[in-house]
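Peer 1: Handing you a structure now.
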Amino acid sequence: ELVEGCVRKDPKAQMELYRNYSTMAYQTAYRVLKQVATAEDVMQDSFLVAFDKIHQLKDPQGFGGWLKQIVHRKSLDEVRKSSKTVTLPALEERLVGTAEAEEDFDPYKGLPGPNYNTLFTSKLDPEEKAKLDAVWPPKD
């Protein structure tokens, strides 16, 4: 049986199980994620987890359902993870704000002045603090 071959780490058995279940795994991931590349990544990660933990599978006939659970959980994890990340366009908009031209962008705008963080500067030795005070804030 293929599952028993995978328990023994037989690459041919692993490839055959992959061929048999990859479409189902991809479709499961895609239904949740709605992105081709991310669904493919989740599918592959799920197979790696399944092959690593296949010795824990009690009923070899239940491999398909077990794999589907792994894919679904990993897909939901990916949704949670991606909802916490900031996309590049959103980050650019936050950095540039409403500046109409690049030359209008001031990277120092909104940053505190020379006494911005007494705790930080108090930990510097006096020479380093003097160097920092000489250049911060920038002078036009």
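Peer 1: Read phi for every residue in the stretch 58-65 and hand back ³J(HN,Hα) as whole Hz from Karplus 6.51 cos²θ - 1.76 cosθ + 1.60, θ = phi - 60°, with x for Gly and Pro.
Peer 2: 3J(HN,Hα) across the stretch 58-65, in whole Hz: 7, 10, x, 5, x, 4, x, x.
Peer 1: Once label points are set 7 Å from the Cα along Cα→Cβ at both residue 49 and residue 61, what is their separation, rounded to one decimal in nm?
Peer 2: 2.6 nm
Peer 1: Report the full-extension gain for the segment residue 76 to residue 37: residue separation times 0.36 nm, less the Cα-Cα distance, to one decimal in nm.
Peer 2: Stretched out fully, the residue 76 to residue 37 stretch lengthens by 12.5 nm.
Peer 1: Another question, then. What is the ratio of the Cα radius of gyration of the stretch 21-62 to 2.2 N^0.38 Å, with N the residue count, to two decimals?
Peer 2: Relative to the rule-of-thumb radius for its length, the stretch 21-62 sits at 1.25.
Peer 1: Here's a follow-up. Apply the Karplus parameterisation 6.51 cos²θ - 1.76 cosθ + 1.60, with θ equal to phi minus 60°, to every residue of the stretch 4-18 and state each ³J(HN,Hα) to the nearest whole Hz, in sequence, with x for glycine and proline.
Peer 2: Residue by residue, the stretch 4-18 yields 5, x, 5, 4, 7, 6, 7, x, 5, 5, 4, 5, 5, 4, 4 Hz.
Peer 1: What is the local net charge at residue 10, summed over the other residues whose Cβ is closer than 10 Å to its Cβ (Lys, Arg +1; Asp, Glu -1)?
Peer 2: +1
Peer 1: Hey, another quick one. With a cut-off of at most 16 other beta carbons within 10 Å, and DSSP calling the residue loop, which GluC sites (Glu not before Pro) in the stretch 1-46 qualify? Please list them.
Peer 2: Within the stretch 1-46, the qualifying GluC sites (Glu not before Pro) (loop, at most 16 other Cβ atoms within 10 Å) are 1.
Where a number appears in this text, it was derived from the coordinates with a stated rule and is not lab data. Only a predicted model underlies this, so the values are computations on that prediction, with no experimental measurement involved. A quick note on method: Cβ atoms are made from the backbone with ideal geometry, for glycine too, and the neighbour counts reach across all protein chains shown.
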